[in-house]
Amino acid sequence: MYDVIIVGAGPAGSLLAKKLAEADLKILLVEQKKLPRHKMCSGVISSFARRILRKEGFGEVPDILCCHPKRIKGAHVYPKKGQPPYKLREKSCNVWRSDFDFWLTTKASEVGAEVLDQTRFIDFSEKKDTIEVNLKTIFGEQKEQAKILVGADSGTSSIRRTLFPAEKIVWTSVYQEYWRGEIDLDPQYLHTFLDREFSEFFALMNVKYGTKGKYIIINTNAMKGNTIPSYYNAFQEYLEEAHGFRGEKLLFKEACTSPKFFDASYEYKFGKRNILLIGEAAGLFNVFAEGISPALTSAVNASDAILKGGDQLLKQYTENVQPLCRSLKLGWEGLLEMFPNFIT
Ligand SMILES: Cc1cc2nc3c(=O)[nH]c(=O)nc-3n(C[C@H](O)[C@H](O)[C@H](O)COP(=O)(O)OP(=O)(O)OC[C@H]3O[C@@H](n4cnc5c(N)ncnc54)[C@H](O)[C@@H]3O)c2cc1C
C-alpha cells in the first residue's frame, strides 16, 4: 500500500513525488509514456519556475539540459500584423521538455519515489480508507492501493473528468511545425502574434537547436481543428513576407487538444475527498501558455497539505493554492487589459 499514487510524470507530478518521498512517504509515480517522454511545448522555463526549483532543492537548471540559445531574454508580443512588438523582459531557460522533465523525475526517483513508466492509469475505486487504482503496464493490468491519489495527468486529465463528469470542457486545438531554415527574428525571444488572421488566441514562433540542427518552431491554435490549416498557412506566409522566414525542410509536425484555460473566469478544480488535482489537471495555466510555474507551485501546495495530515486534505490544499489562483486570474485580466483583442 502506498501513501500516495501520483499519475503523470510532468513537472507537477515529479516535484510532488520528490517532496513527499523526501518526507519518507511511500510514493508511486506512474507515467503512461516511456521516459524520457516528448511533450509538445515551447520549452521556455520562466524565472518563476526556476525560483521554485531552486527553493525545492533542484538547484539551477543545468546548462547541459538547455538547448541553444540556452537563455531566452523574454517575449516579443505583436498585437497586430505589421505593428512593432511589445518587448517583455523575462530571463528564461530554453530546454527540450523530454530532457527537462526527465531531470525532475530522476530527482524524485533518487530520493525514493518509485517511478513506473509505460504504465497507464485506467480508473480507481474508493474503499473505506483506501483508493484502489487500476493500471495498465506493458505486462498487463496491475492494481495498487493508496491512501491518497493525485492527478497530475495534464489538461486532458482523465481523473478530473471522472471526478467532475458534468464539467463542460471547451476544447481547443494546438498545432506546430518544426522547420529547418532561416528567419530574421531574434532567436533569443519567444515571438507571440495576436493577430486574428493567424490564430484564435495567439500564434508563436521560437528557435531551438536540437540533434538535427536548427529548428524553427511555428505554432498556432484554434477552437476547431479544421480551421487550423487556414490560420497556420496565413501565419507562415506572414512570417515569410514580413520576417524573412525561409523554410528549407519540414522536419516534424504535431498537434494536441487542450482545454480552453485562457480565461480569467476558468473554474479550477482541485479534487474531491482524498483525490487531488495539480498542475494543468486542475486547470492551472498562466498567460501565454506558461504552465510550468503553476504546475510546480500547486505541487508544493499539495505537498504541504498532504504532509500536514488530518482529515481536511482537500480543504487545506484548496486554501494553500488560493494565492496562485489569484495571481493567475490577475495575469489573465492584465493581459486582456493590455491586449483587448486577445480573446473573444
Ligand atoms: C504548444 C505548447 C507550448 C507550451 N510552452 C510552454 C512553455 O514554453 N513554458 C511553460 O512554462 N509552459 C508551456 N506550456 C504549458 C506546459 O507544457 C504545461 O502547462 C505543463 O507541462 C503542465 O505540467 P503538468 O505537470 O501539469 O502536466 P504535463 O507536463 O502535461 O504532464 C502530465 C503527464 O501525465 C501523463 N499522463 C496523462 N494521462 C495519463 C494516464 N492516464 N496515465 C499515466 N500518465 C498519464 C502524460 O503523459 C504527461 O507526461 C506549453 C503548452 C503547449 C501546448
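The values are calculated or read from the model by the stated rules, or taken from the named source; none is laboratory data. Since this is a predicted model, take the numbers as computed values, not measurements. Note: ideal-geometry Cβ built from the backbone for every residue, glycine included; neighbour counts use all protein chains shown.
Number of residues in the range 115-132 that are more than 11 Å from the ligand (Cβ to nearest atom) and in contact with a Lys or Arg (Cβ under 8 Å, 6 or more places away or on another chain) equals 5. If only residues of the range 286-297 that are within 6 Å of the ligand (Cβ to nearest atom) and not small (Gly, Ala, Ser) are counted, the one that is farthest from the chain's Cα centre (by Cα) is 290. If you check 218, 159 for being at pLDDT 95 or above, within 12 Å of the ligand (Cβ to nearest atom) and in the same structural domain as residue 7 (by TED's automatic domain parsing), only one passes: 159.
The single residue among 238, 232 that is surrounded by fewer than 20 Cβ atoms within 10 Å (Cβ to Cβ), hydroxyl-bearing (Ser, Thr, Tyr) and either touching a Phe, Trp or Tyr at 6+ places or on another chain (Cβ under 7 Å) or closer than 21 Å to residue 154 by Cβ (or both) turns out to be 238. A residue that is of a type in the set (D, E, K, R) and more than 10 Å from the ligand (Cβ to nearest atom) occurs nowhere in the range 35-44.
The set of residues from the range 103-115 being buried (at least 19 other Cβ atoms within 10 Å of the Cβ) and under 20 Å from the mean Cα position of the chain (by Cα) comprises 104, 105, 107, 108, 115.
Go through the range 274-302 and report how many residues are out of contact with any Gly (no Cβ under 8 Å at 6 or more places or on another chain), touching a residue at least 24 places away in the same chain (Cβ under 8 Å), more than 20 Å from residue 100 (Cβ to Cβ) and not hydrophobic (A, V, I, L, M, F, W, C). Here the count works out to 1.
Give the residue, chosen from 234, 166, 242, 146, that is in the same structural domain as residue 295 (by TED's automatic domain parsing), more than 23 Å from the chain's Cα centre (by Cα) and not in a strand (DSSP E or B). Going through 234, 166, 242, 146 in turn, the sole match is 166.
Answer yes if at least one residue in the range 316-337 is among the aliphatic types (A, V, I, L, M) and touching a strand residue (DSSP E or B) at 6+ places or on another chain (Cβ under 6 Å), and no otherwise. No; the residues of the range 316-337 include none that is among the aliphatic types (A, V, I, L, M) and touching a strand residue (DSSP E or B) at 6+ places or on another chain (Cβ under 6 Å).
Just wondering, is there one or more residues in the range 109-123 that are in contact with a His (Cβ under 7 Å, 6 or more places away or on another chain), in a strand (DSSP E or B) and of a type outside the set (Ser, Thr, Tyr)? Scanning the range 109-123 turns up no residue that is in contact with a His (Cβ under 7 Å, 6 or more places away or on another chain), in a strand (DSSP E or B) and of a type outside the set (Ser, Thr, Tyr).
In the range 255-282, what count of residues is obtained for those that are within 9 Å of the ligand (Cβ to nearest atom), outside any strand (DSSP E or B) and on the phi < 0 side of the Ramachandran plot? Number satisfying all stated conditions: 5. Of all the residues in the range 80-108, those that are touching a residue at least 60 places away in the same chain (Cβ under 8 Å), within 16 Å of the ligand (Cβ to nearest atom) and either more than 14 Å from residue 41 (Cβ to Cβ) or charged (D, E, K, R) (or both) number 5. Are there any pairs with C-beta distances below 9 angstrom linking a residue in the range 115-132 that is closer than 14 Å to residue 162 by Cα and touching a residue at least 12 places away in the same chain (Cβ under 8 Å) to a residue that is in a loop (DSSP other than H, G, I, E, B) and near the ligand (Cβ under 9 Å from one of its atoms), with the two at least 6 apart or on different chains, and if so which? As it stands, the answer is 121/8; 121/32; 121/153, since those pairs meet every condition given.
Looking at the range 170-187, which of the residues that are surrounded by 15 or more Cβ atoms within 10 Å (Cβ to Cβ) and assigned to a loop (DSSP other than H, G, I, E, B) is farthest from the ligand (Cβ to nearest atom)? Filtering the range 170-187 for residues that are surrounded by 15 or more Cβ atoms within 10 Å (Cβ to Cβ) and assigned to a loop (DSSP other than H, G, I, E, B), the one farthest from the ligand (Cβ to nearest atom) comes out as 183. Can you give me the number of residues within the range 2-34 that are within 6 Å of the ligand (Cβ to nearest atom) and either within 19 Å of residue 131 (Cβ to Cβ) or touching a helix residue (DSSP H, G or I) at 6+ places or on another chain (Cβ under 7 Å) (or both)? Matching residues across the range 2-34 total 10. A search for C-beta distances below 6 Å between a residue of the range 6-30 that is polar (S, T, N, Q) and any residue that is in a helix (DSSP H, G or I), counting only pairs 6+ apart in sequence or on different chains, returns 14/104; 14/105; 14/108.
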